[in-house]
Amino acid sequence: MIKKKKTLGRGIGNFLADSQKIEEILNPKQEDILQEIPLELIDTNIHQPRKDFDKKALEELAESIKIYGIIQPLILRKKEDRYEIIAGERRFRGAKMVGLSQVPAVIKDVDGLLSEKMALIENIQRQDLNPIEEGRSYQSIMKAYGMTQEELAKALGKSRQYIGNTVRLLKLDPRVVDLISAGKITPSHGKVLLGYRDFEKQYQEALKIMKYNQPVADTKVTSTKGKKVVEDIFLKDIKHQLMDVLGTKVEFKGRGKKKKIEIEYYSEDDLSRICNLILERK
């Protein structure tokens, strides 16, 4: 019996279709009418995943706006007798900082659902989101489109492991999440702290990392008695990544200087498949 090739779900199809539509909306055409809209009539998008705006970068943008004006118009949608930002919140904030009373904008006929999706997709494609904003964007996209991590990874050209590890950071104690968001500890520290199930322990260890400027390599998960956990959290993470890539069980064995990686296979065909996966990555 011939097995049917697994196709991507409807979620990724809808996501890609919306992405193309959004790309067209975010790039104003010559025929689009440019309007001057009073700042007092503009509201930010409550579905905007980006919550933190770098103060220094905003000040630099404001200075540029003061000298050159707003070169790229904001993209807005009409919402009753007001306007909601689809794209351009940084320009909006910069304009307020220099005391502008109105800004150039293009008004698009977009419903609330598509506007929400636009905020998600636009942010997910940005390069300057912090890891927590990125994880929340991934989570929101998967919920909005009913997508799996694997489907989202394929749509964005990222690995499933990267998507999964980024979203996992959101499972940390909210105080630790805030520390990562503020750049006070790294996402790699956060991955280690996930080894603690107790939120208070996660937070206390995060404070120690900050206090002693502790490198990730020196950050170990310990039991409540102070004994080191048998399996290093980094090796555990790498092992799961290898199993995901190779599609089979992987074990790290040995002690001291002599160690080995053990990869299981169940038939000659399975061995050939695994070898091809490894050799293709050379």
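Each value in this text was obtained by applying a stated rule to the coordinates, not by laboratory testing. Source: prediction; values computed, not measured. Cβ coordinates were reconstructed from backbone atoms using ideal geometry, including for glycine residues, and neighbour counts include every protein chain displayed.
With just the Cα atoms of segment 74-224, tell me how far they stretch along each of the three principal axes, in Å, largest first.
Cα extents, longest axis first: 58, 40, 24 Å.
Grab the other residues whose beta carbon is less than 12 angstrom from that of ASP198, score K and R as +1, D and E as -1, and report the net.
-1
What's the FRET efficiency of ILE33 with ALA57 using the Cβ-Cβ distance as r and R₀ = 25 Å, to the nearest 0.05?
The formula returns an efficiency of 0.25 here.
With no solvent and one point on each alpha carbon, what is the Debye value of log10 I(q)/I(0) for segment 121-171 at q = 0.13, 0.23, 0.24, 0.32 Å⁻¹?
Log-scaled intensity ratios, in q order: -0.24, -0.80, -0.88, -1.51.
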